[in-house]
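Worksheet: the structure to be examined is printed underneath.
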Amino acid sequence: MSEHFQQLYEQNNDPWQVRQRWYEQRKRALLLASLPSPHYHHAFEPACGNGELTAALARRADCVTASDLSPAAVELTRNRVAGLPAGRVSVACQRVPQDWPAGAAFDLIVISEMAYYLDDDELDQLRANCVNTLGLSGALVLCHWRRPIGDGRQDADAIHASFDAVPQLNRIAHHEETDFLLDVWSLDPRSVAQHEGVTA
């Protein structure tokens, strides 16, 4: 699998046209708008691809840890965020969930377009890692393409349902379209309005 993605990014620095396509731009805007807090301390984005979402997250977080299993994608992301203040974004070549950052605590975790490549055991490990490293008032975001993927192992709806079934996670936002699914969970069950004292 890593060789497949490495080849993709070596041949094309934007294989899914995440910069050009309105579909991708709009989806990214919806994801960012769904975040329950305006700002985060430490965000984690595995499978960062060429860094378009990484750069957007860096405008909402003090620190972003990004990773990808493709060295070519890692280099593209580093180039994409090169103009940001030093230390704002760190990018590493990692295979998630196996190489989850040790001893980390995040108040934002974004799993976008990657969980369907995992087998059942890896998906179980991903869920456990997310729950174990998510801060109490943090947000966990999942966003996945719902149509068939030739090399995918999991179905987007089933992936999101499996996270929804985790007792510790409270779903605080849900967006469903024919093409993709977007969900946000937190360990804290309060809504954005409750956090701001708009309602009890």
Q: Order TYR40, TYR117, most accessible first, counting only protein heavy atoms with a 1.4 angstrom probe.
A: TYR117, TYR40
Q) Put a dot 7 Å past each Cα toward the Cβ at ARG19 and ASP119; how far apart are the dots in nm? A) 3.7 nm
Q: Determine the calculated [θ] at 222 nm for the chain from helices alone, applying -39500 (n - 2.57) to every DSSP H run no shorter than 4 residues and normalising by the residue count; nearest 500 deg cm²/dmol.
A: -9500 deg cm²/dmol
Q. Expressed as an acute angle from 0 to 90° and rounded to the nearest 10, what is the orientation of the C-alpha long axis of helix 22-34 relative to the principal long axis of the chain?
A. 30 degrees
Q: Give me the percent of DSSP beta bridges within the chain that run antiparallel, rounded to the nearest 5.
A: 40 percent
Q: Could you calculate the contour length gain from ALA193 to ALA165, that is, 0.36 nm times the residue separation minus the distance between their Cα atoms, to one decimal place in nm?
A: 7.7 nm
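Taking only protein heavy atoms into account and a 1.4 Å probe, give the accessible area per residue of the chain in Å².
48 Å²
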(Q) Below 8 Å, C-alpha to C-alpha, sequence gap of six or more: please give me the relative contact order for the chain in percent. (A) 17 percent
Q) Relative to the longest principal axis of the chain, what angle (0 to 90°, nearest 10) does the C-alpha long axis of helix 120-133 take? A) 50 degrees
Q | Residue among VAL166, VAL89, VAL64 with the largest mean-square fluctuation in a Gaussian network model of the chain, springs linking Cα atoms under 10 Å | A | VAL166
Q: May I ask you to order 29-36, 46-53 by the average number of other C-beta atoms within 10 Å around their residues, highest value first?
A: 46-53, 29-36
Q) What are the residues whose amide H is under 5 Å from the amide H of ARG153, where those residues sit 5 or more places off or on another chain and H is modelled from the backbone? A) TYR117, LEU118
(Q) I want the local charge near ASP119. Using Cβ-Cβ distances under 14 Å, sum +1 for each Lys or Arg and -1 for each Asp or Glu among the other residues. (A) -3
Q | Length-normalised contact order of the stretch 47-165 in % [C-alpha pairs under 8 Å, at least 6 apart] | A | 22 percent
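The values are calculated or read from the model by the stated rules, or taken from the named source; none is laboratory data. Keep in mind the model is a prediction, meaning the values are calculated, not measured. Methodologically, a virtual Cβ is constructed for each residue, glycine included, from the backbone with ideal geometry; neighbour enumeration extends over all protein chains shown. What goes into the accessible areas is simple: the full protein's heavy atoms, side chains included, and nothing from ligands, DNA or RNA. Shrake-Rupley method; radii C 1.70, N 1.55, O 1.52, S 1.80 Å.
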